[in-house]
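Take this structure first; my questions come after.
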Amino acid sequence: MRRIFFTLLLGIATLLPALAGPRSLPPAFTAVYTVKKAGLTLGDVKISLRYDNDRYRYHKETRSRGLLALFRRDVINETSEGRVEDGRLTMDRYRYVRDDGKRRLRNTIRLLEGDRIVERYKEKDYDYQVPANTLDRASVEIALMRDAGLDRERFGYDIAERGRSKRLEFQRVGKRRVDTPAGRFDCVEYRVERHSRKRSTSLCLAPELNYLPVTITHVEKGTSFTMFLKAYHPIDG
């Protein structure tokens with residue numbers, strides 16, 4: 001159960017590519033989510049997006065809570081930093097640290113000139129080429145909020161992950177009205193396209209919150225986990 005839970009937290013919102021052409025990035029904000037399984041709270045996720053001139057910083061902190069915290073007190077911190085220009089994102093560095101109180105797992109990624117990635121994951125070093133506009137698994141969430149309003153049925157994207165570039169496809173499902181602790185939202189729903197039917201992921205994005213995901217549901221081996229938005233606050237300036 002723990003493996004599925006943290007798979008949900010780490011990769012569930014890596015959705016859309018950095019497409020060509022200027023578009024509006026989401027304004028700076030903070031958001032808080034709760035993760036539940038069968039009505040039981042398993043953890044909280046805090047997210048912040050900030051800008052400093054032509055730079056962005058996107059940070060996520062995940063903490064186990066409730067039933068899961070009785071067995072493990074995991075804390076996950078992810079930080080993506082990079083440059084912005086005409087709505088485009090260029091990832092410079094990504095850092096991931098997971099601490100369960102006994103050991104730490106680290107993953108660091110740096111983008112060098114010529115779309116070359118230098119990565120360190122589980123004490124191993126990787127050096128590899130990636131397609132243009134490749135992002136990390138955190139910054140691609142910003143691209144999601146930027147691009148979700150485009151009138152397209154399908155999206156594809158590239159991310160750098162564990163020694164290689166990975167491409168995923170997403171399908172627009174339709175529109176849904178969803179209830180969250182932060183309120184009721186009319187959303188656009190997307191589904192991750194997978195070759196296996198053993199796993200599924202769907203996301204409901206709220207246009208009124210600049211296409212922020214307000215619910216994210218992941219089903220694996222018959223077990224369903226859902227992230228619900230609890231609070232959203234824009235950051236002035």
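The values are calculated or read from the model by the stated rules, or taken from the named source; none is laboratory data. All values reported here derive from a predicted model rather than from experimental measurement. For neighbour counting, all protein chains shown are included, and Cβ atoms are generated from backbone atoms with ideal geometry for every residue, glycine included.
Between Asp151, Asp100, which is more than 22 Å from Val192 (Cα to Cα) and not aliphatic (A, V, I, L, M)?
Details: Asp151 fails: more than 22 Å from Val192 (Cα to Cα).
Answer to the selection: Asp100.
Further question on the same structure: Is it the case that Tyr94 is modelled with pLDDT under 90, under 19 Å from the mean Cα position of the chain (by Cα), crowded, with 21+ Cβ neighbours inside 10 Å and among the hydroxyl-bearing types (Ser, Thr, Tyr)?
Details: modelled with pLDDT under 90: no; under 19 Å from the mean Cα position of the chain (by Cα): yes; crowded, with 21+ Cβ neighbours inside 10 Å: yes; among the hydroxyl-bearing types (Ser, Thr, Tyr): yes.
Here the answer is no, as Tyr94 does not meet what is asked.
In addition: Just checking, does the stretch 208-217 include any residue being among the acidic types (Asp, Glu) and at pLDDT below 90? Spell out the reasoning first.
Of the stretch 208-217, the ones among the acidic types (Asp, Glu) are 208.
With the extra rule that they be at pLDDT below 90, the set shrinks to none.
No, that holds for no residue.
If you don't mind, another one. Of all residues in the stretch 1-57, count the ones that are modelled with pLDDT under 80 and in contact with a Pro (Cβ under 7 Å, 6 or more places away or on another chain).
The number of residues fulfilling the criteria is 1.
Would you please name the residue that is farthest from Glu141 (Cα to Cα), looking only at residues in the stretch 74-112 that are β-branched (Val, Ile, Thr) and out of contact with any Gly (no Cβ under 7 Å at 6 or more places or on another chain)? Lay out the reasoning, then the answer.
Quick first cut of the stretch 74-112, residues β-branched (Val, Ile, Thr) only: 75-76, 79, 84, 90, 97, 108-109.
Filter once more, so that each one left must be out of contact with any Gly (no Cβ under 7 Å at 6 or more places or on another chain): 75-76, 79, 84, 97, 108-109.
Numbers: Val75: 20, Ile76: 17, Thr79: 12, Val84: 14, Val97: 18, Thr108: 18, Ile109: 17 Å.
Among those residues, the one meeting the criterion is Val75.
To continue, here is another question. Got a sec? Which strands (runs of 3 or more DSSP E) wholly within the stretch 134-208 have at least 1 residues that are touching a helix residue (DSSP H, G or I) at 6+ places or on another chain (Cβ under 7 Å) and not aliphatic (A, V, I, L, M)? If you could, list the steps in order and put the result at the bottom.
Numbers: elements: 154-161, 164-180, 183-193, 199-206.
Output list reads 154-161, 183-193.
Moving to a separate point now. Run Asp136 past the list (1) more than 24 Å from Leu49 (Cβ to Cβ); (2) touching a residue at least 40 places away in the same chain (Cβ under 8 Å) and report the number of the one that doesn't hold.
Asp136 satisfies every listed condition except (1).
Pull up the stretch 168-216, narrow it to residues that are in contact (Cβ under 8 Å) with a residue 40 or more places away in the chain, over 14 Å from the mean Cα position of the chain (by Cα) and more than 19 Å from Gly149 (Cβ to Cβ), then point me to the one that is surrounded by the fewest Cβ atoms within 10 Å (Cβ to Cβ).
Ranking the candidates gives Pro181 first.
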